[in-house]
Amino acid sequence: MGDSLVSFDPARIAVILLAGGRGTRAGFDAPKQHVMLGGKAVLQWSLDALAAYPGVLVSDDDIALPAGWSRAAPGAERQDSVASGLALLAEWSDDAVVLVHDSARPGVTPDVIDRLVAALESGAAAAIPVLVVADTIVRNADASVVDRAELARVQTPQAFRLGALRRAHAEAAGEAASDDAQLVRRLGEGVALVAGDARLHKLTFAEDLAMLESLLGVEKETMRIATGMGYDVHRLVAGKPLWLGGIRIDHSHGLSGHSDADVALHAITDALLGAAADGDIGCHFPPSDPQWKGAESWRFLDYAVQRVADRGGDIQHLDLIIIGEAPKVGPHREAMRLRISEIARLPLSRISVKATTTEGLGFAGRREGLAAQAVATILWKE
Ligand code: MG
């Protein structure tokens with residue numbers, strides 16, 4: 001082995017990545033290696049950062065492994081999990097390097113690995129990344145100050161000559177240690193300290209997630225609420241079937257238009273297109289296009305709902321008001337809500353259908369036509 005970093009063959013560095021935790025802490029609804037950070041699981045960050053080396057993932061997870069990786073079952077304690085990973089490196093020689101890393105630290109950098117490997121090349125059997133302690137440290141018992149110059153905060157990955165780690169585990173014989181470097185120390189081997197990295201911050205509590213997002217420069221997913229409005233009017237004519245709110249209603253008059261003229265579904269469709277800044281119903285279904293003659297209006301609504309979904313929108317609410325003297329909407333309200341919820345693939349609780357008259361005023365008051373207004377609320381993740 002030479003003394004420059006490039007002389008070390010990366011194929012002689014193996015990784016044991018620990019992700020065996022099953023517990024959940026307050027603030028997380030999954031084991032922390034599964035918590036999402038910048039669009040991928042915390043565990044995936046370490047897998048991606050270390051994928052250039054062969055490795056063993058010590059985990060029950062069925063997450064896809066990089067090429068050259070294998071999977072080992074976690075043990076009861078951290079030490080057992082490391083031993084489980086070591087067992088899969090049986091073919092490796094004692095002078096190879098093994099990096100033992102805790103997947104709760106997603107911010108592995110090549111610089112830290114370079115420093116660790118350089119320390120091993122200088123003769124240490126183990127090397128660990130550490131950070132200085134900036135805060136004053138006192139004893140719980142009496143608030144007396146501990147000299148922080150004597151202290152350092154230990155991170156992972158920790159690097160070992162494979163032979164030293166094997167012997168350390170063989171001689172530990174069930175005796176627990178807080179980490180593998182401590183086991184190697186017990187052999188009388190030197191443990192080199194190298195500069196750690198703030199990005200190796202460990203995810204323990206919910207507030208650590210915000211800190212990691214900032215340290216790792218992760219764009220936080222933002223939410224945007226958009227509302228759209230729709231308005232439509234169609235003429236009432238005698239003897240036509242009446243389609244309103246997606247249902248057929250027995251009535252003396254029906255609505256006239258190019259399609260089935262369901263004024264309510266047209267208003268909702270336009271509201272959705274509005275909340276998507278995606279034109280209006282006339283742009284998507286031109287009245288000049290013969291294919292929409294007599295069309296069932298649920299198809300327009302279905303189309304708008306699909307366009308919203310395709311663009312990543314999540315429809316939060318649809319509020320409809322039908323304006324006219326007759327027919328009375330009340331008896332049909334629940335049937336309309338149900339039909340709209342089917343077409344829009346939304347729970348009933350997100351669909352509101354209301355009605356009003358205009359006190360006999362205007363075209364609606366004169367029963368010449370029906371109007372409808374709708375407001376759609378869409379949640380966009382971006
Ligand atoms: Mg219309």
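The values are calculated or read from the model by the stated rules, or taken from the named source; none is laboratory data. Given the structure is predicted, the values throughout are model-derived calculations rather than measurements. Note that each Cβ is placed from the backbone with ideal geometry, even for glycine, and that neighbours are counted across all protein chains shown. The area values use the complete protein model at the heavy-atom level, side chains included, leaving out ligands, DNA and RNA. Shrake-Rupley method; radii C 1.70, N 1.55, O 1.52, S 1.80 Å.
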message: I want to check a number: in the chain, how many lysine pairs have alpha carbons closer than 24 Å, given a sequence separation of 8 or more or different chains?
response: 13
- prompt: Where does the charge balance sit around A72 when Lys and Arg score +1, Asp and Glu -1, over other residues with C-beta under 12 Å from its C-beta?
  reply: -2
query: If you roll a 1.4 Å probe over the chain with all protein chains in place, what percent of the accessible area is carbon or sulfur?
result: 52
field: Heavy-atom accessible area per residue - the chain, 1.4 Å, Å²
entry: 49
Enclosed volume per residue, in Å³, of the convex hull spanned by Cα atoms of the range 237-335: 102
- request: Go ahead and set up a Gaussian network model of the chain, Cα springs under 10 Å, then flag whichever of D111, D62, D302 fluctuates most.
  value: D62
- prompt: What does the helix-only formula give at 222 nm for the chain: each DSSP H stretch with n ≥ 4 adding -39500 (n - 2.57), the total divided by the residues, and the result rounded to the nearest 500 deg cm²/dmol?
  reply: -8000 deg cm²/dmol
- prompt: If you count the DSSP beta bridges with both ends in the range 89-209, what percent of them are antiparallel, to the nearest 5?
  reply: 70
- prompt: So which chymotrypsin sites (Phe, Trp or Tyr not before Pro) in the range 126-234 are both in a DSSP loop and have at most 13 other Cβ atoms within 10 Å of their Cβ?
  reply: F205
Rounded if a/c under 1.5, otherwise prolate or oblate - the range 110-181, Cα gyration tensor axes: oblate
field: Antiparallel DSSP beta bridges within the chain, as percent of all bridges there, nearest 5
entry: 65
field: Cubic angstrom per residue, convex hull over Cα atoms of the range 3-215
entry: 142
